[in-house]
Each structure stands twice: as structure tokens, then as C-alpha cells.
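See below for the structure under consideration.
The values are calculated or read from the model by the stated rules, or taken from the named source; none is laboratory data. Model, not experiment: these values are computed from the prediction. Quick reminder, even Gly has a Cβ in these numbers, built from the backbone with ideal geometry, and neighbours come from all protein chains shown. With ligands, DNA and RNA removed, areas are computed over all heavy atoms of the protein, side chains included. Shrake-Rupley method; radii C 1.70, N 1.55, O 1.52, S 1.80 Å.
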Amino acid sequence: MAEVILDRVTTASGTPNIAFIKYWGKRDYTGLNMPNNSSISMTLDETLSTKTSVVFSDKLKRDELYINGNEEAIVGDKIPEKSVYLKRILDQMRGLAKVKQNALIVSENNFPSSAGIASSASGAATLIVALSKALDLNKSPKDMSILARQISGSACRSLFGGIVKWNKGTEEDGSDSYSEQVFDDTYWPELIDIIAIVDPSKKKVSSSIGHAATVKTSVLYKARPAFAENGVKEIEKAIREKDLDLLSKTIMKDSNNMHATMLDTWPPIIYLTDASRDIIYGIHELNETEGECVAAYTFDAGPNAHIITLEKHREKVMDMLSDMVGVRRTIESHLGKGPRILKGNVSLINEKTLAPKITSTLS
Ligand code: DP6
């Protein structure tokens, strides 16, 4: 192992992903984030990107984490929920590299936190890439995917570009639960995700809490893992054959299925709003008019819609959205290449003072 150069700042850049077949429900409660079903997603391009810088230094009295200019607790078991897992992963990686120094981690999104787009996937993925490089651990993308999964499940898909499948795995230690690229970012360049923001506020129930509550209380959920597993195969086929009709139907049915299990959770978890429902009806009307499915909606743990379509149908989708009062803004993204280490002078950390360069929060 090469010697780790302390005080050298390493920065990684990466992007969120949107699942076509969703991860909802874990088979463990130990923070390993092992899912009950495989999932498949599209990694977005750098229209939405996250940069994360890390440095290990004797000058740091404790581990510090800044997200969008705000310091977040890195130890403790309450807020933020991911802090315990983050600490565990940080200690594990530091141990492997035989490094004892504390870490400063600074992460920043190029999209405002008020855009209503989750950044935990891109945040965790870029953190693992930056840590692996900074500690000279030479981790393979598969190993980095396993580490990112333990910070936030969906993050393990953001380790790769293009279309990415997260195999659920069956091993008790999660060693076979990781993601892999199934089609690269050049396979279907016309594919777009039009994100329709209807409510930029933070989600009411965190996904970590939601996963557990649904598994525990929903009767409908029992049928979900097999349904989703089959959905992953359908998505792979639809993309291989560039069959937008099949792709769209499969995406919409999976989103509806996941949100049905959320509503069936006790007490119910309802992420969709009237504006989300307007988009659902609007897309079905558009598909009806076209005589086949040319666009699909999909919703994560929140009310904002991701509309998956091809460039040639963009105008029709945009026309439909422009009539909706509930839609505040749209952001468009293609397939992205996945995370990378930034070379040169791109660092969010002041190398001399070891202070975060970020002073203001985007909003
Ligand atoms: C609805 O990855 O946020 O976005 O593993 O607890 O961090 P944790 O959950 P998280 O769950 C994401 C769920 C989803 C669907 C998906 O992205 O697959």
C-alpha cells in the first residue's frame, strides 16, 4: 500500500440516480441496508451534481462533516440518521489504511436543497470515492458500491454511470448486495428524465423510517419483492430493445406498487400530493392520445415527479406540464457517466487553514 499523504485534499464529483424499479424495504435492521428486492436505475448527468472533498490531518481535533455549508453531526445516534453508519464506514476505511487522523468532509450540491431532489445517493457515493482515493485503498467499484450502500442504500447505484442494477444478494453480511452497470451512458442517449418539482420541502417521513414501517405493517408489501424482481427483468429487456412502451409501463407500475405499499403502511405514509396526482393523470392522458406509452412518471419518497421519456416526446410532456399550476419548475437530465475524482484545484476545503470553503448555503 502506498503511503497516505495526509493534509492532501481529495475531491470527487458524482450524481443522483432515479430508480425505475424501486428499493423499498430492507431485510436487516443493522445498518447494512440489504434490500428485499433488486432495483434498477438511471444515473443522471451532471445537471445535478454533488462534489465531496475529504482531508485527513493531525490538525483536526475531531471528524467534521459539512453538507451545503452546514455542519452535521457525525457521531451520535439521532440526527442526522445516517451519522452512525457514516462513522462506522469512516472508521472501517481509516482502519484499513492504518490512518488515525481525523477527517474533514465537505459536500456541496450544484442544485439548491430547496429543489426537492434528494442528494443522499450522490453524497454517499462521492464520499466513498473520495475516501477510497484519499486513503489510497484502491477499492474496486463493486467494493465501493458495498460501502456506499451502508451509508444510504440507493447510493450504491450512484457508483456507476448509465443504467445500473443493484442485485439484492442473499449473503448475511451483504457481500453480494452491490450494483453493476448494465448499459453505459451512451446506450440510449435520447432517454431523458424531466424532473417536475411540485414541492421543494423536506420529506415528511424519512425513507429509513419508511422502509422499516412498510415491511413491518403492510399486508400488500408481501407481494412486492417478487413483483419488483420481475420488474427488473422487464426493464432490462425494455432498455436492451429500446422499447419505450414497455419501459414506461413497467416504470409506472412499479412506482404505483411502491406507493400502494406505503399507503398500506400503518400509520399510512403518503408522499404524493394533488399535484403529483395531476401529473399521473396527465401522463396517462398523453399516452392515451399517443396510442402507446411515450412517457412514464415515477416518484421516490416525495411528491416530485420524474418523467422518463425520449427527447422526441419532450415538447408534448412540457406542454402538458406547463398547464399545471402545481408544477413550480422542471429540470432535465440525461444518462450520466457516474462519479469521478476531480484533479487540479477543485476543492471545497481551504488547504492552508483546513476550513470548509463553503460559507453560504444554497437555497
Ligand atoms: C424511494 O436509499 O434513501 O428512493 O437505505 O435508508 O438510506 P436508506 O434509504 P434510501 O431509500 C430510497 C428509496 C427510494 C427508491 C430508490 O431509490 O430505489
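Go through the range 20-39 and report how many residues are among the β-branched types (Val, Ile, Thr) and near the ligand (Cβ under 10 Å from one of its atoms).
We begin by selecting, within the range 20-39, every residue among the β-branched types (Val, Ile, Thr); these are 21, 30.
The next check asks that each one be near the ligand (Cβ under 10 Å from one of its atoms); those that pass are 21.
Qualifying residue count, the range 20-39: 1.
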Problem set entry | Of residues in the range 227-257 being among the aliphatic types (A, V, I, L, M) and without any contact (Cβ under 8 Å) to a residue 60 or more places away in the chain, the one surrounded by the fewest Cβ atoms within 10 Å (Cβ to Cβ) | Leu246
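Could you pull out the residue among Val294, Val325 that is more than 17 Å from Asn37 (Cβ to Cβ) and modelled with pLDDT under 95?
Values: Val294 fails: modelled with pLDDT under 95.
Every option except Val325 fails the conditions.
Looking only at strands (runs of 3 or more DSSP E) that fall completely inside the range 9-48, which ones have 2 or more residues that are under 13 Å from the mean Cα position of the chain (by Cα)? Talk me through it step by step, then tell me what you get.
Details: elements: 10-14, 17-21, 39-43.
In the range 9-48, 17-21, 39-43 are the strands (runs of 3 or more DSSP E) which contain 2 or more residues that are under 13 Å from the mean Cα position of the chain (by Cα).
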Exercise. Can you name the residue in the range 128-153 that is of a type in the set (Gly, Ala, Ser) and out of contact with any strand residue (DSSP E or B) (no Cβ under 7 Å at 6 or more places or on another chain) and, of all such residues, is surrounded by the most Cβ atoms within 10 Å (Cβ to Cβ)?
Worked result: Ala148
Problem set entry | From the options Arg329, Arg277, Arg314, residue that is free of Cβ contacts under 8 Å to residues at least 12 places away in the same chain and either acidic (Asp, Glu) or out of contact with any Cys (no Cβ under 8 Å at 6 or more places or on another chain) (or both) | Arg277
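Consider Ile79 carefully, then state whether it is outside any helix (DSSP H, G or I), at pLDDT 90 or above, among the β-branched types (Val, Ile, Thr) and in contact with an Asp or Glu (Cβ under 9 Å, 6 or more places away or on another chain).
Values: outside any helix (DSSP H, G or I): yes; at pLDDT 90 or above: no; among the β-branched types (Val, Ile, Thr): yes; in contact with an Asp or Glu (Cβ under 9 Å, 6 or more places away or on another chain): yes.
Considered against the rule, which asks whether it is outside any helix (DSSP H, G or I), at pLDDT 90 or above, among the β-branched types (Val, Ile, Thr) and in contact with an Asp or Glu (Cβ under 9 Å, 6 or more places away or on another chain), Ile79 comes out as no.
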Exercise. Which one of these is of a type in the set (Lys, Arg) and without any contact (Cβ under 8 Å) to a residue 60 or more places away in the chain: Lys337, Lys343?
Worked result: Lys343
For this session: For the range 156-177, indicate whether the set of residues that are under 25 Å from Gly282 (Cα atoms), open to solvent by 30 Å² or more (accessible area, probe 1.4 Å) and of a type outside the set (A, V, I, L, M, F, W, C) is non-empty.
Result: no
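Going through the range 178-211 one residue at a time, which ones are in a helix (DSSP H, G or I) and touching a strand residue (DSSP E or B) at 6+ places or on another chain (Cβ under 7 Å)?
Start the filter on the range 178-211 by keeping residues that are in a helix (DSSP H, G or I), which leaves 207-211.
Passing the criteria: only His211.
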Problem set entry | Selection status of Lys133, part of a helix (DSSP H, G or I), farther than 21 Å from Asn68 by Cβ and more than 16 Å from the ligand (Cβ to nearest atom) | yes
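Mind checking whether some residue in the range 138-149 is touching a Lys or Arg at 6+ places or on another chain (Cβ under 6 Å) and either at pLDDT below 95 or not aliphatic (A, V, I, L, M) (or both)?
Within the range 138-149, the subset touching a Lys or Arg at 6+ places or on another chain (Cβ under 6 Å) is none.
Looking for residues that are touching a Lys or Arg at 6+ places or on another chain (Cβ under 6 Å) and either at pLDDT below 95 or not aliphatic (A, V, I, L, M) (or both), one finds none in the range 138-149, hence no.
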For this session: Of the conditions (1) of a type outside the set (D, E, K, R); (2) open to solvent by 10 Å² or more (accessible area, probe 1.4 Å); (3) modelled with pLDDT under 95, Gly31 clears all except one; give me its number.
Result: (2)
